[in-house]
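Take a look at the structure below.
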Amino acid sequence: MNKNKENKMKILVTGGAGFIGSAVIRHIIKNTSDSVVNVDVLTYAGNLESLREVDSNERYAFEQVDICNRVDLDRIFSEHKPDAVMHLAAESHVDRSIDGAAPFVETNIVGTYTLLEATRAYWNALDEDKKQAFRFHHISTDEVYGDLEGTDDLFTETTSYEPSSPYSASKASSDHLVRAWLRTYGLPTIVTNCSNNYGPYHFPEKLIPLMILNALDGKPLPVYGDGMQIRDWLFVEDHARALYKVVTEGIVGETYNIGGHNEKANIEVVKTICALLEDLVPNKPEGVSHYEDLITYVTDRPGHDVRYAIDASKIERELGWTPEETFESGIRKTVEWYLNNKEWWSRVIDGSYAGERLGVK
Ligand SMILES: NC(=O)c1ccc[n+]([C@@H]2O[C@H](COP(=O)([O-])OP(=O)(O)OC[C@H]3O[C@@H](n4cnc5c(N)ncnc54)[C@H](O)[C@@H]3O)[C@@H](O)[C@H]2O)c1
């Protein structure tokens, strides 16, 4: 799009109440003059309290809508007239996809298809300049590539797809749909595939917040298998900056891998969190002498990928993006954020963040 700085955009962000989507919206509202329409149905993973810092801004609007609902999407496109779509809405938790794949197929595949069709109908009716400038940016995962065996290999943008879980298979399908909508209909799409994110406002079912909160509560720290699964950790605010760069400066039809250059085994991540807590919260729960003593190895997840690692040199070279946080600085910020934001996570844990809508704990 090569956005001229004077040119304010309106960006339709799907899944903006989720972990990464809310970081993207906070980034756009705080650091640019663009507007955002957040389209989110608010599943258990959607939390509007993650947007408190920006939700009173006049450049922010919220639509509680399911991306599988074509009628609602058509209304949103015609009312808000966005210049770009950043598509993050998804079912995103691998363990949940193993327990029940249906919502993953529905949202990640059917929802992406429905959004592509609604976008295409809107885009087709734009005038030529707006049509040229329009972008559909699909946010995907490095899990579509399967896992790596050798210690030196990295996922590049041309690595073939070999998804292992229902989650990654549904994301792989959505990536194929997005590319087909460019090839077949000319819709100006861009795809990004990123590694594991971590940082503030992360739902406590995911590894890093789960470990921090369990440790503070003196509960076991469950580590799958031998804990030697390697992930490439990306600080969520670095990712949000990268995504904004891609939607404003990325080239149509390209794929960009986004990673943090931070390959760590899960057990190393858990031990780092324990060490930080020894330093930051020396007053431990009753009966706990060392946080590390809470580590408990549990039966491995079926189909668990061994190693993911991203080669992010293309986005660095072509768009000039690099991560600002090392794992050491980012994990310290994350632990400190959880220590300072008990109200946010205790309302997630007791279910009150969801109001009446979920009827869950
Ligand atoms: N978290 C990671 O480490 C990671 C890594 C790589 C890629 N991704 C991808 O990034 C995107 C965002 O991930 P996240 O961690 O923020 O996810 P998340 O689960 O925290 O948030 C997903 C959001 O989408 C919304 N949503 C779900 N179904 C919807 C539907 N049918 N209609 C409208 N909204 C719906 C939810 O309410 C929630 O707010 C996903 O597409 C995910 O596949 C995430």
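The values are calculated or read from the model by the stated rules, or taken from the named source; none is laboratory data. What you are looking at is a predicted structure, and each value in this text was computed from that prediction instead of being measured. A quick note on method: Cβ atoms are made from the backbone with ideal geometry, for glycine too, and the neighbour counts reach across all protein chains shown. Note: accessible area is taken over every heavy atom of the protein model, side chains too, but ligands, DNA and RNA are not part of it. Shrake-Rupley method; radii C 1.70, N 1.55, O 1.52, S 1.80 Å.
A few comments on the model shown:
- Odd one out for THR159 among (1) in contact with a Ser or Thr (Cβ under 9 Å, 6 or more places away or on another chain); (2) not in a strand (DSSP E or B); (3) not acidic (Asp, Glu): (1)
- Test: residue in the stretch 93-104 that is under 19 Å from the mean Cα position of the chain (by Cα), modelled with pLDDT of 95 or more, of a type in the set (A, V, I, L, M, F, W, C) and under 21 Å from ARG120 (Cα atoms): no
- Condition check for LYS131: loosely packed, with under 14 Cβ neighbours inside 10 Å, among the charged types (D, E, K, R) and over 21 Å from the mean Cα position of the chain (by Cα): no
- Matching residues, the stretch 162-179, being in a loop (DSSP other than H, G, I, E, B), small (Gly, Ala, Ser) and modelled with pLDDT of 95 or more: none
- Among the residues making up the stretch 29-66, those that are more than 9 Å from the ligand (Cβ to nearest atom), in a loop (DSSP other than H, G, I, E, B) and open to solvent by less than 20 Å² (accessible area, probe 1.4 Å) are ASP34, VAL54.
- Subset of the stretch 15-28 [more than 6 Å from the ligand (Cβ to nearest atom) and either of a type in the set (Ser, Thr, Tyr) or open to solvent by 10 Å² or more (accessible area, probe 1.4 Å) (or both)]: SER22, ARG26, HIS27
- Restricting attention to the stretch 287-328 and to residues that are β-branched (Val, Ile, Thr) and open to solvent by 50 Å² or more (accessible area, probe 1.4 Å), the residue that is nearest to TYR198 (Cα to Cα) turns out to be THR326.
- Taking residues in the stretch 275-297 that are more than 20 Å from VAL223 (Cβ to Cβ), and partners anywhere that are β-branched (Val, Ile, Thr), the pairs with Cβ atoms closer than 8 Å and at least 6 places apart or on different chains are LEU280/VAL335.
- Condition broken by ASP142, with the remaining ones in (1) within 11 Å of the ligand (Cβ to nearest atom); (2) free of Cβ contacts under 8 Å to residues at least 60 places away in the same chain; (3) among the acidic types (Asp, Glu) satisfied: (2)
- Number of positions in the stretch 67-94 that are more than 22 Å from HIS239 (Cα to Cα), open to solvent by 40 Å² or more (accessible area, probe 1.4 Å) and either in contact (Cβ under 8 Å) with a residue 24 or more places away in the chain or within 14 Å of the ligand (Cβ to nearest atom) (or both): 7
- Where strands (runs of 3 or more DSSP E) fall wholly inside the stretch 211-284, the ranges with 3 or more residues that are in contact with a strand residue (DSSP E or B) (Cβ under 6 Å, 6 or more places away or on another chain) are 221-224, 255-258.
- ARG183 meets each of the listed conditions (1) away from the ligand (no atom under 11 Å from the Cβ); (2) of a type in the set (Lys, Arg); (3) in contact (Cβ under 8 Å) with a residue 60 or more places away in the chain apart from (3).
- Checking LEU210 against (1) farther than 23 Å from ALA84 by Cα; (2) touching a residue at least 60 places away in the same chain (Cβ under 8 Å), the condition it does not meet: (2)
- Taking the criterion of being out of contact with any helix residue (DSSP H, G or I) (no Cβ under 7 Å at 6 or more places or on another chain) and in a loop (DSSP other than H, G, I, E, B), the residues of the stretch 306-345 that qualify are VAL306, ALA309, ASP311, ALA312, GLY320, THR326, ASN341.
- If only residues of the stretch 200-223 that are open to solvent by 10 Å² or more (accessible area, probe 1.4 Å) and over 22 Å from the mean Cα position of the chain (by Cα) are counted, the one that is farthest from the ligand (Cβ to nearest atom) is GLY218.
- Taking the conditions (1) part of a helix (DSSP H, G or I); (2) within 12 Å of the ligand (Cβ to nearest atom); (3) polar (S, T, N, Q); (4) over 17 Å from TYR256 (Cα atoms) in turn, GLN132 satisfies each one other than (2).
- Just one of the listed residues (GLU292, GLU336, GLU278, GLU343) is under 18 Å from VAL236 (Cα atoms) and charged (D, E, K, R), namely GLU336.
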